[in-house]
Each structure stands twice: as structure tokens, then as C-alpha cells.
1. Here are some residues: Leu286, Leu273, Leu278. Which one is assigned to a helix (DSSP H, G or I), in contact with a helix residue (DSSP H, G or I) (Cβ under 7 Å, 6 or more places away or on another chain) and surrounded by fewer than 18 Cβ atoms within 10 Å (Cβ to Cβ)?
2. Within the stretch 311-328, restricting attention to residues that are under 17 Å from Ala347 (Cβ atoms) and among the aliphatic types (A, V, I, L, M), which residue is least open to solvent (accessible area, probe 1.4 Å)?
3. It is to be established whether one or more residues within the stretch 112-133 are out of contact with any Cys (no Cβ under 8 Å at 6 or more places or on another chain), in contact (Cβ under 8 Å) with a residue 24 or more places away in the chain, open to solvent by 20 Å² or more (accessible area, probe 1.4 Å) and among the β-branched types (Val, Ile, Thr).
4. Which of the residues spanning the stretch 134-154 are under 14 Å from Lys182 (Cα atoms) and open to solvent by less than 30 Å² (accessible area, probe 1.4 Å)?
5. What are the residues in the stretch 178-209 that are at pLDDT below 85, of a type in the set (Val, Ile, Thr) and either open to solvent by 10 Å² or more (accessible area, probe 1.4 Å) or part of a strand (DSSP E or B) (or both), if any?
6. Specify which of the listed residues (Ala55, Ala7) is at pLDDT below 80, of a type outside the set (Phe, Trp, Tyr) and surrounded by fewer than 14 Cβ atoms within 10 Å (Cβ to Cβ).
7. Does Trp35 qualify as being aromatic (Phe, Trp, Tyr), open to solvent by less than 90 Å² (accessible area, probe 1.4 Å), assigned to a helix (DSSP H, G or I) and under 22 Å from Val134 (Cα atoms)?
Amino acid sequence: MMKISKALRRLHIREGVALILVAALLLESIALIQWYFSRKGLLEEATRRAESELAMNRLEIEKITGNVEAAARNTSWLLEYGLDRPDLVWNILRQLMENNPDVKDVGVAYVADYFPSQGRWYEPLLARRADGTVEEMVLGSESHDYLTKDWFTIPLETGQGVWSEPYFDESGGKEMVVSYTKPLYDRSGRPVAVLGLDLSLDWLTKLVERINIYPNAYSTMTSRGGELLASPAETLAIGKTLRYETLLDRTGWKLAVVIPEEDIYGGIRKVGLIVTILQLLGLMLLGLIVARSAREQAKLESVEAGKERIENELMIASRIQRSMLPKVFPPFPERSDVDLYAALLPAKEVGGDFYDFFIRDERLFFCIGDVSGKGVPAALVMAMTRSLFRTVSNHEKSPARIVTIMNESMTDMNESNMFVTFFCGVLNSPGRAEPSARHPGRYGLQGAGTGSLL
């Protein structure tokens, strides 16, 4: 039964550990699910913000570029009417510059040798300076051969207005610009000039810098050919980024919003770190509980083993104690003058109750005793008392003397202050009994001693 009980306890402990591990796994699973949906929600929010920012910037850029294209369309017929009159062209360009404050430069570039008196190149140009003033100049020279530039050749070849790739305007505004150029035709329908309106890339840079959806987010603008049109100075984001793009149909430019992942997930990562630390502390606490339970179980098993060993020893002691007492009844089957029976039922495995008897010199010596207390101490005193009874009774026949000698001997050894309630008697057998006046010829009780020993 002890082994079965121990096995059941071990099984219960294993089940407890398994339940703790399952609970830890469930908590971790819940945390991971929360982490997943939190990341998903943050990503969706970042996407909505980026798309909203892209839409707003796209509308503003298309508004300005649309105004430039509209200005070019509305002015081209006037320029075509006065292509052969430079004075009229200058007036039209001045009016165009005044009505379009976003335009940096505006000019008309003629085909080679259109005005022989002006030479091979002729390009009247108005340039807006940083202080707001407008400077008028005529460009075109061997060092500034616009006849080979894409912004000049492509409109003449395609017959359509186009946006150029970004370039540095050395002769005009001395800065990075993009140009919208549109072909102009003479009365015979032959393309003879190109109207150009320049936009400064500083304007685009200021536009894309106005992004405040996240602390480190920024916008970029690239041309149809992939060249960078506008970007803030700190375009190199540290770590992973998310990029959202939109294509501007009119110009073919690509507007992008770049958001560092740290801006999106930084907060949840901090929370996740705190949760992870708390989970680790919880798991460590669970581990300590399990380890302590294991230690307590080991101690319990050790105690159980000790208890089992003590119980086994007590069982052996009980058998030894019982073997010290007479246990064969009737004890004297050859005699008909003595009939005895005794039984001992101790409250514990061992105790202080005892009895004994024997016959010497035709006298029956017997005793009954009860040692104070229970358990092993009482059993030890019982064994000593029984041994003294046998020893003294083998030399003395007087119950009083037997009890007196036993008491004196036990008093010298009584350091635990225990006592024994003891009854001792001597019964004469028929062959040794003194005839009494009342019952002549029968055996009788010679004497008895009683009292408390120790």
C-alpha cells in the first residue's frame, strides 16, 4: 500500500507539472495572438496614413503640374501667332511669368537658324530669382547648345508636351529643375520652337518634407526614368522600412512614402519586451515552484521511506515484544491444577502493557503491569520490568520482596521519570499449599504484591 500511495503521489505531481506547462503554453499562445493582431492593426493604420498622405501630396502636385500644362496650352497659340515678332514673344512670356508664381523659368527655344540675324541659337528666357525679381536674358550658344537637349528634341519629335528628367539649369536659375516643354508651330504647321516652363526641385522637396504621420517618415519623388526629383536630407532610414508608392499619371513621376518599421512597431515592441520579461519571470517562478515541489516531494519520499522503515522496525519490535510474553495456552497441559489464559491487545505497535507467569518449586509466579506512556519508551521499560520480574522471582518467593527489589533496581535507572503500575502474585500448587482451616487439602494464594514501581 505504501508503494502504491507513493506512485500515486508521483503521478499527481507529474500531472501538476504538465498542467503548469500547458498553462504556460496557453499564456504564450495568447500573447503571440495578441502580438500578431496588434502588428496587423498597426500596419493597417500605417497603410491608411501613408495612402492618405500620398493622396494629399498627389493632389497638390497634380494641381501645380496641371496648372503648368494648362498655362502652356493657353499660351502656346499666342506665341505661335507672334513667333516672328520677338517683341510680342517677350510680352507674352512676361504675362505668363506673372500669372504663374510656381514657375521658376519660362522661355521659348527656336530651331536652328530661325532668326539668321540672331545666329544659330535663339532662346529668350525669363528667370525668377530668390528675391522675387525676374531677369530677362537671351540664351543659346555653342556652350549652351539646347538643340541637343532632350527637353528640346523630344517635343519636336513626338509633337506632344513632355516633362523632362531633372537637370541642373546652368544658364537660368542655377539650380535643379524639371521642365515641361511643348512644341510650337508656324502657320504652315511646321514645328519651329519649343515653349518651356521650369519648376524648381526645391519646391518639390519642401512639399515632400511636409509629412508628419510618423517621427522618422519621409517622402521621395522620382522621375519617369528613376532619377530622384525630391527627397529630404535625411533619406537614409536606419533599419527596415515600409514603402508606399503612387504613380502620377500626368508626369509619370513616382511619389513614395517611406516609414521606418521602428516608427510603426516601436511602441508594441517595447510592450512586447515588457510582456516577455514578465512571462520569463512568471516561467522562472513556475520553474521555482516546480523545483520546490520536486524538492518537497523528495523530502516527503525520504520521510515516507523513514516512516516505512520505522513502521517495519516497530512491527519487528512488536513481534519481539509479543515473543517475550507467554503465548501458548494452555501453558501447562500436563497439569490439571492450573488453568491460565491471557491476551494482550496494545493500542499501538508496541506498548507498556505486559503479563508473565512461570512455575518454580511448585509455585506459580505471575504478574500484570502497565508502564506509563505509549510506544517504544514504554515497550523498553516493559521489557526491563519483565526481565527483572523473572530474575528476582527466580530467587525470591515473597511477592512483597519481589516488588521491593524490583522497585529499588528500577529506581536507580529511572532518568525519564516513568512508572509502572504492577501487580505480582505467588500461588501455591496443591503439592506445596499449606492446608487452611477453611479449605483443608486445597492450594491457596501465598501472597501478592501490588503498587507502582519507580
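The values are calculated or read from the model by the stated rules, or taken from the named source; none is laboratory data. These figures come from a predicted structure and were not determined experimentally. When we count neighbours, we look across all protein chains shown, and the Cβ atoms used for this are built from the backbone with ideal geometry, even at glycine. Just so you know, the surface numbers come from the protein's heavy atoms only, side chains and all, with ligands and any DNA or RNA stripped out. Shrake-Rupley method; radii C 1.70, N 1.55, O 1.52, S 1.80 Å.
1. Unique residue meeting the criteria: Leu286.
2. Leu325
3. No: the stretch 112-133 contains no residue that is out of contact with any Cys (no Cβ under 8 Å at 6 or more places or on another chain), in contact (Cβ under 8 Å) with a residue 24 or more places away in the chain, open to solvent by 20 Å² or more (accessible area, probe 1.4 Å) and among the β-branched types (Val, Ile, Thr).
4. Phe152
5. Listed by number, the list holds a single entry, Thr205.
6. After applying the criteria, what remains is Ala7.
7. no
Residue-wise test of (1) in contact with a Gly (Cβ under 8 Å, 6 or more places away or on another chain); (2) buried (at least 16 other Cβ atoms within 10 Å of the Cβ); (3) not aliphatic (A, V, I, L, M).
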residue: Gly369; (1), (2), (3): yes, yes, yes
residue: Val376; (1), (2), (3): no, yes, no
residue: Met382; (1), (2), (3): yes, yes, no
residue: Ser387; (1), (2), (3): no, no, yes
residue: Val392; (1), (2), (3): no, yes, no
residue: Glu396; (1), (2), (3): no, yes, yes
residue: Ile405; (1), (2), (3): no, yes, no
